[in-house]
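Since the structure comes first, as C-alpha cells, the remarks are kept for the end.
Each value in this text was obtained by applying a stated rule to the coordinates, not by laboratory testing. Bear in mind the structure is a predicted one, so any value in this text is a computation, not a measurement. Reconstructed Cβ throughout: ideal geometry from the backbone, glycine too, with neighbour counts over all protein chains shown.
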Amino acid sequence: MALKRILSGMRPTGKLHLGNLHGALGNWVELQNSGNYDCFYFVADWHAFTSEYSSTEGIKDYSIGMVIDWLSVGLDPQKSTLFVQSAIKEHAELFLLLSMITPLAWLERNPTYKEMKAELINKDLSTFGFLGYPVLQAADIIMYKALGVPVGVDQLPHVELTREIARRFNFLYKEIFPIPEPLLTSVPKLLGVDGRKMSKSYDNSIYISDRGKVLQEKVSSMFTDPQRMRKSDPGNPEICNVFTFHGLYSPEAKVREIAADCRKAGIGCTDCKKMLASRIAETMAPIHERMDYYLNHMAEINGIIEEGNRKATVIARRTMDEVRAAVKI
Ligand code: TRP
Ligand code: SF4
C-alpha cells in the first residue's frame, strides 16, 4: 500500500531553537521514522518574504542553515523529500490560480493573520502578499496532494483555509485535490532563558547549534522559581522552566530526585542548572557531531537539496499539467 503523503514547511527566518526541536521538528523526525508516511518537508522561503521583504539578505543563508539543522537532528534525505519552495516555480503558478478563486473575506477573517499583524507591529504587513500568505500555503500543500499536514495549533486556521480552497477548486473545475487533514503537533511549553516564550525575536533562545560555553552561559542565566531568593528557601519545580527542561533531558529518576530536593531546599539553582547544562550537552552531542560533519561537507548539503528539489519538481509538474487542463488554460 502506498504510504500516506504528508507535507510541512518552515520559514527560514533564523536559526532553529530547542523549542522548535521539541515541537515541530522533533515531530517531523518521528513521523519520518514511523515508516507510515511519505514525508515532504520544505523551506518556505517565499513565505519568509511576506514579513521580511524589506531585509531579505539573511533568507538564503538561513535556508541552508535550516536544512543543516534538519539533517543534524535526524531528518534523512533517504526517507524524506527535503526541498526549497522557491526552487519549484510551480508553487507560484498554483498560488496565482488559487488567488483567483479565494474570496477576500476568507483571508481577512483569518485569526493567524490578525494575530501576526498585531504582533509584528514594527513591520508594515499591510501588503497583498501577507494577506495572501495562506493561499501560497494552500498551493504548497495541495501541489503534492498531501493527505496530512503536521502543524502546531497556530497553523490550524491555515490548514482549514487550505481545505476550503481545495474544495472550491474541485467544485469549480475538477476533483483533482484530496482534502488534507491537519496532524496536530503537541508542543511542550518551553520558555526562553528570560521566562518569556522562546522566540528568536526576544533574543532568549537556546539554539540547536549552541554548545560549550555559550550553552553553559545560557543555561546559567535561565530564570527559575522567582519565589526562591536564597538557596535555603524551598523551591517549587512546577513553576520553574529549568525543571521543565530537566523533564526533557534528564532520566526520570533524576527528575524525581531534583523535584524532591528542590522542594526541601536540598539543591541550589546553580547546581541544578549545571546539571541541566551537562545533560543538554550530552543529549545534543550526536546532533552537533552530525552538524560538524555537514558544515564540513557543504557540497553534500547542496546535493541533498538539489535531489529533493528534483523529486518535488516531478510531482509539481504532474499536478500543474492536471490543473491547467482542469482550468482550461
Ligand atoms: N506557515 C507555516 C509556518 O509559519 C509554514 C508553511 C508554509 C507551511 N507552507 C506550509 C506549513 C505548508 C505546512 C504546510 O509555520
Ligand atoms: Fe528550578 Fe532547580 Fe532551582 Fe528548583 S533547584 S527552582 S528546579 S532551578
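Whole number please: convex hull volume per residue of the Cα set in the chain, in Å³? Don't skip to the answer; put the middle values down first.
Values: hull volume 47.4 nm³, N = 329.
Per-residue hull volume (Cα only) is 144 Å³.
Treating only the Cβ atoms of Lys and Arg (+1) and Asp and Glu (-1) as charged, compute the dipole magnitude of the range 210-292 about its Cα centre; round to the nearest 20 debye. Intermediate values should be presented prior to the final figure.
Details: 14 positive and 12 negative charges, 45 e Å.
With only Lys, Arg, Asp and Glu charged at Cβ, the dipole is about 220 debye.
For the range 210-292, just say rounded, prolate or oblate: build the C-alpha gyration tensor, square-root its eigenvalues into a ≥ b ≥ c, call rounded for a/c under 1.5, and beyond that prolate if a/b exceeds b/c, oblate if not. Write out the running numbers ahead of the final one.
Working: a/c = 2.76, a/b = 1.81, b/c = 1.52.
Taking the square roots of the gyration eigenvalues as a ≥ b ≥ c, the range 210-292 is prolate.
Using mean Cβ contacts within 10 Å as the protection proxy, how do 70-82, 49-61 order, highest first?
Values: 70-82: 18.8, 49-61: 13.9.
Sorting 70-82, 49-61 by mean packing, highest first, produces 70-82, 49-61.
How much net charge surrounds ALA325 when only other residues with a Cβ under 15 Å from its Cβ are counted (Lys, Arg +1; Asp, Glu -1)? Write down the numbers at each step before the final one.
On the way: positive: LYS174, ARG317, ARG318, ARG324, LYS328; negative: GLU90, GLU93, GLU175, ASP321, GLU322.
Once all neighbours under 15 Å are counted, the net charge is 0.
List the equivalent ellipsoid semi-axes of the range 1-103 in whole Å, largest first, each obtained as the square root of 5λ for an eigenvalue λ of the Cα gyration tensor.
Square roots of five times the eigenvalues give 24, 20, 11 Å.
For PRO157, what is the net charge nearby, where nearby means another residue's Cβ is under 13 Å from its Cβ and Lys, Arg count +1, Asp, Glu -1?
On the way: positive: ARG109, LYS114, ARG163; negative: GLU108, GLU115, ASP154, GLU160, GLU164.
Charge balance near PRO157 sits at -2.
Suppose every K and R has +1 on its Cβ and every D and E has -1 on its Cβ; what is the size of the dipole of the chain about the Cα centre, in Debye to the nearest 20? List each step's numbers first, then the result.
On the way: 40 positive and 39 negative charges, 87 e Å.
Computed charge dipole of the chain: roughly 420 debye.
Which Cα, out of CYS262, ASN309, SER99, lies furthest along the positive dipole direction of the chain (beta carbon charges, K/R +1, D/E -1)?
After comparing all options, I get CYS262.
Per residue of the chain, what 222 nm ellipticity follows from adding -39500 (n - 2.57) for every DSSP H run with n ≥ 4, rounded to the nearest 500? Walk me through the numbers on the way to the answer.
Working: 14 runs with 176 residues, N = 329.
One gets -17000 deg cm²/dmol as the mean residue ellipticity at 222 nm.
Provide the net charge surrounding ASN296, with neighbours chosen by a C-beta distance below 13 Å and charges set as Lys +1, Arg +1, Asp -1, Glu -1. Don't skip to the answer; put the middle values down first.
Numbers: positive: ARG290; negative: GLU289, ASP292, GLU300.
Once all neighbours under 13 Å are counted, the net charge is -2.
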